[in-house]
1. Helix 29-39 versus the longest principal axis of the chain: what angle, 0 to 90°, nearest 10, using Cα atoms?
2. Please report the carbon-and-sulfur percent of the accessible area for the chain; probe 1.4 Å, protein heavy atoms only, DNA, RNA and ligands left out.
3. If you stretched the chain out fully between Trp65 and Leu26, how much longer would it get, using 0.36 nm times the residue separation minus the C-alpha to C-alpha distance?
4. With +1 assigned to the C-beta of every Lys and Arg and -1 to the C-beta of every Asp and Glu, and no other charges, what is the dipole magnitude of the chain about the Cα centre in debye, to the nearest 20?
5. Just the Cα atoms of the chain, one point each, no solvent: what log10 I(q)/I(0) does Debye give at q = 0.13, 0.17, 0.23, 0.24 Å⁻¹?
Amino acid sequence: MDDECLHPCARCARLQKTCCQQAEILITGGDRRRIGAHLGTDDFWIDAAPDDPSYAEPDPDDPNWHRLT
């Protein structure tokens, strides 16, 4: 398959670990449902406090962020 036809994450994964394999990614319940539906499983996430405490701080640019994550 031509790399240009692949999703950006798939293109990156051919070269190195992807960002979600290298970094802590916070997702919402909606994200979990969408990703789980795509993957056909829901065992891809853990419910844990973030390693970086600044992730738990509310985002002034997104008033819903803290409530949804």
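1. 20 degrees
2. 52 percent
3. That pair, Trp65 and Leu26, stretches by 13.0 nm at full extension.
4. 280 debye
5. Debye curve over Cα of the chain, log10 I(q)/I(0) at q = 0.13, 0.17, 0.23, 0.24 Å⁻¹: -0.52, -0.83, -1.15, -1.17.
The values are calculated or read from the model by the stated rules, or taken from the named source; none is laboratory data. All values derive from a computational prediction rather than experimental measurement. Cβ coordinates were reconstructed from backbone atoms using ideal geometry, including for glycine residues, and neighbour counts include every protein chain displayed. Just so you know, the surface numbers come from the protein's heavy atoms only, side chains and all, with ligands and any DNA or RNA stripped out. Shrake-Rupley method; radii C 1.70, N 1.55, O 1.52, S 1.80 Å.
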